[in-house]
Amino acid sequence: MRYNNESNLLTGDPSLAAAFTRFFDELWKLRVDEHNSAPEQSFQMEPAPSPEENPKVQLLFNGSYKKRILKLLEAAKSEVSISIYYFSDNEIKDAILAAAKTGVSIRVLLNTHKDYARHLVERNEETAKELLESDNSGNIKVYFDKNHFFTHSKTLIVDPNLRNNTGEILLGTGNWNSTDIKKHSQVYAHIRS
């Protein structure tokens, strides 16, 4: 039996609903228009809603989430938790190592399974090995989910403080690899408390 680890977001915010609708409309135009061939890259959309519309939640579209990941890792002060299905981006890996050097405690949960897409699991294993071998601080812990779990979430949690109800979360659809960052249509929600 398989168990699926996912992360989802429920919101009643009309500005987020409007931004998701715009994203879906762009996907629809690309896929439904019979005269439109498959794009080489994902379409471009500005983050939405604007900080003025909603200072606590912003949606990031397509490859723009990578810049936010790097910015959040650079700003991390105490703790970072990551759950990711597929991770092979060297810039993100280097940002994790840099954060660990400053004393940030980092936990990474990666997907592993034997059933299919073995090449993705092998790349996760390589990334984990590179992180652990390059970490001179001892601040990085990497775990692979048990084989009967399917970890498909893409989540970054930075500096959570449950007592003060503070921290930042990046929750989305894109893996941390060049194909998802450059080609596939993706959406991430950046949530600040």
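The values are calculated or read from the model by the stated rules, or taken from the named source; none is laboratory data. Bear in mind that the values here come from a model prediction, so they are computed numbers and not experimental data. Here the Cβ is made from the backbone with ideal geometry for all residues, glycine too, and neighbour counts use every protein chain on show. SASA here: full protein model, heavy atoms, side chains in, ligands and nucleic acids out. Shrake-Rupley method; radii C 1.70, N 1.55, O 1.52, S 1.80 Å.
Below, the figures for the structure above:
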{"quantity": "Residue among Gly103, Gly12 that alone is modelled with pLDDT under 75, over 23 Å from Lys182 (Cβ atoms) and open to solvent by 20 Å² or more (accessible area, probe 1.4 Å)", "calculated": "Gly12"}
{"quantity": "Selection within region 59-82 - in contact with an Asp or Glu (Cβ under 9 Å, 6 or more places away or on another chain), open to solvent by 10 Å² or more (accessible area, probe 1.4 Å) and not aliphatic (A, V, I, L, M)", "calculated": "Gly63, Ser64, Lys66, Lys77, Ser78, Glu79"}
{"quantity": "Pick from region 135-152, criterion of a type in the set (S, T, N, Q) and crowded, with 18+ Cβ neighbours inside 10 Å, ranking: nearest to Asn62 (Cα to Cα)", "calculated": "Thr151"}
{"quantity": "From the options Leu156, Leu132, Leu171, residue that is loosely packed, with under 14 Cβ neighbours inside 10 Å and at negative phi", "calculated": "Leu132"}
{"quantity": "Breaking point among (1) loosely packed, with under 14 Cβ neighbours inside 10 Å; (2) among the basic types (Lys, Arg); (3) closer than 23 Å to Glu79 by Cα, for Arg118", "calculated": "(3)"}
